[in-house]
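Novice: Here's a structure for you.
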Amino acid sequence: MPLGLYTKAIVRRPSASFVNGLTRSELGPPDMELALAQHRTYVGALEDCNLMVQELEAKEEFPDSTFIEDTAVMFPDFALITRPGAESRRGEVELMKRLFGRIGFPCETIDSGTLDGGDVIVLDDHVYIGLSKRTNSGGARTFGRILDNHGYKWTVVPIPNEALHLREVVNYIGNRILVCAPSMAMRNELESFDKLIVPDDEAHCANMLAIGDNVLIPMGAPKTLKKLSRMNYKRIIELDISEFQKMDGGLTCLSLRS
Ligand code: GLY
């Protein structure tokens, strides 16, 4: 999608099984009541940014399915159905195939290797694909062939071991600026961009979400917030997503925007 100019978002409500999802964090189990309240606030923030939000029902059989960004990548004329790197998440993509099938929206599918949507950043005609524990070189190559057929350029960007997804450590926030965790600031593949480098003690806020001239940022990042406030955003919306961070989630992976 071109540079954060989204009009729609799809989200999936967290299920009661969310507490059994995958996580590397040691922050303890999520409080479900709070998670649901935070999810409602997140949806409200997307709506405040003028997105039309489609909220899908919770799926008990897929504890991580609220992290819907990992299941698909949206382009103006097709959706890429991913092949998640975690076995327990593989079946989530069938839900997305059915969703797009019902409305007749064309889909392409990753049929070999693995690829999570959280490892993908689409910037106009150029797609950045993170190589991570979830997205392997086979998945990146398969995606690359699909992108070649659709006339997109693509670049593979390895991410550090400690990160789960590319979008945990890099995001586009408009005006040719990438917000980066310190570990990604010097990567050659990203050298043509200006950078907002978040400090180590605010690394979690590299996962921010720009929507038009608004930006959503996770709570607990005062230094970054101060820097953002000197930039030209209409609104900076701070959101508490503590219960999703406990399950390795962030602001971007809670929605699929187009
Ligand atoms: N809990 C999010 C993920 O590991 O995919």
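Novice: Take ILE236 and ARG141, extend 7 Å from each Cα along the Cα→Cβ direction, and tell me the distance between the two endpoints in nm.
Specialist: Using points 7 Å along Cα→Cβ, the separation is 4.4 nm.
Novice: For the chain, set up a GNM with springs between Cα atoms under 10 Å and report which of VAL169, VAL157, VAL73 has the largest fluctuation.
Specialist: Sorting by GNM fluctuation, first place goes to VAL157.
Novice: From the square roots a ≥ b ≥ c of the eigenvalues of the alpha-carbon gyration tensor of segment 66-210, which class results: rounded (a/c under 1.5), prolate (a/b over b/c), or oblate? Provide the component values of the computation, followed by the final result.
Specialist: On the way: a/c = 1.79, a/b = 1.55, b/c = 1.15.
Verdict is prolate for segment 66-210.
Novice: Calculate, for segment 39-135, the solvent-accessible area per residue in square angstrom, rolling a 1.4 angstrom probe over the heavy atoms of the protein chains.
Specialist: In whole numbers, segment 39-135 has 40 Å² accessible per residue.
Novice: With a/c under 1.5 counting as rounded, go ahead and sort segment 188-258 into rounded, prolate or oblate using the C-alpha gyration tensor (a ≥ b ≥ c being the square roots of the eigenvalues; past the cut-off, prolate if a/b is larger than b/c, else oblate).
Specialist: Numbers: a/c = 1.26, a/b = 1.24, b/c = 1.02.
The shape class here is rounded.
Novice: Another question, then. Could you report the accessible area of SER132 in Å², rounded to 10, computed with a 1.4 Å probe on the protein chains as they sit in the structure?
Specialist: Number for this one is 30 Å².
Novice: Also, I was wondering about something else. Mind listing the long-range amide H neighbours of ALA72? Cut-off is under 5 Å, sequence gap 5 or more, other chains count too, H placed in the peptide plane at 1.01 Å from N.
Specialist: THR82, GLY117
Novice: Are there any trypsin sites (Lys or Arg not before Pro) in segment 35-94 that are in a DSSP loop and have at most 16 other Cβ atoms within 10 Å? List them by number.
Specialist: ARG90
Novice: Continuing with the same structure: According to the square roots a ≥ b ≥ c of the eigenvalues of the Cα gyration tensor, what is the shape class of the chain, taking rounded for a/c under 1.5, prolate for a/b larger than b/c otherwise, and oblate for the remainder?
Specialist: Because its axes are fairly even, with a/c under 1.5, the chain counts as rounded.
Novice: Sticking with this structure for a sec: Would you kindly derive the ³J(HN,Hα) couplings of segment 17-32 from the backbone phi angles with the Karplus curve 6.51 cos²θ - 1.76 cosθ + 1.60 (θ = phi - 60°), listing them in order in whole Hz, with x for Gly and Pro?
Specialist: 6, 3, 4, 9, x, 7, 7, 10, 6, 10, 9, x, x, x, 8, 5
Novice: Give a residue-ordered list of calculated ³J(HN,Hα) values for segment 76-84 (Karplus: 6.51 cos²θ - 1.76 cosθ + 1.60, θ = phi - 60°; whole Hz; x for Gly, Pro).
Specialist: x, 10, 6, 10, 8, 8, 7, 9, x
Novice: Shifting gears a bit: If amide hydrogens are placed 1.01 Å from N in the peptide plane, which non-local residues have theirs closer than 5 Å to the one on LYS8?
Specialist: Amide H to amide H, under 5 Å and 5 or more residues apart or across chains, LYS8 pairs with MET52, SER258.
Novice: May I pose another question? Within 10 Å, Cβ to Cβ, of SER17, how many net charges do the neighbouring residues add up to if Lys/Arg are +1 and Asp/Glu are -1?
Specialist: Net charge around SER17: -2.
Novice: Nearest-5 percent of antiparallel DSSP beta bridges in the chain?
Specialist: 40
Novice: Could you check the spin-label model distance between HIS126 and ARG102? Points 7 Å from the Cα along Cα→Cβ, value in nm.
Specialist: 3.8
Novice: Quick check: net charge around GLN38, other residues with Cβ under 13 Å of its Cβ, Lys/Arg +1 and Asp/Glu -1? Walk me through the numbers on the way to the answer.
Specialist: On the way: positive: ARG13, ARG40, LYS246; negative: ASP31, GLU33, GLU238, ASP240, GLU243.
After counting each charged neighbour, the total is -2.
Novice: I would also like to ask the following. Could you work out how far the C-alpha centroid of segment 85-119 sits from that of segment 165-208, in angstrom?
Specialist: 26
The values are calculated or read from the model by the stated rules, or taken from the named source; none is laboratory data. Just so you know, these numbers come straight off a predicted model, no measurement behind them. Here the Cβ is made from the backbone with ideal geometry for all residues, glycine too, and neighbour counts use every protein chain on show. For the accessible areas, the whole protein counts, side chains as well, though only heavy atoms, and no ligand, DNA or RNA atoms are used. Shrake-Rupley method; radii C 1.70, N 1.55, O 1.52, S 1.80 Å.
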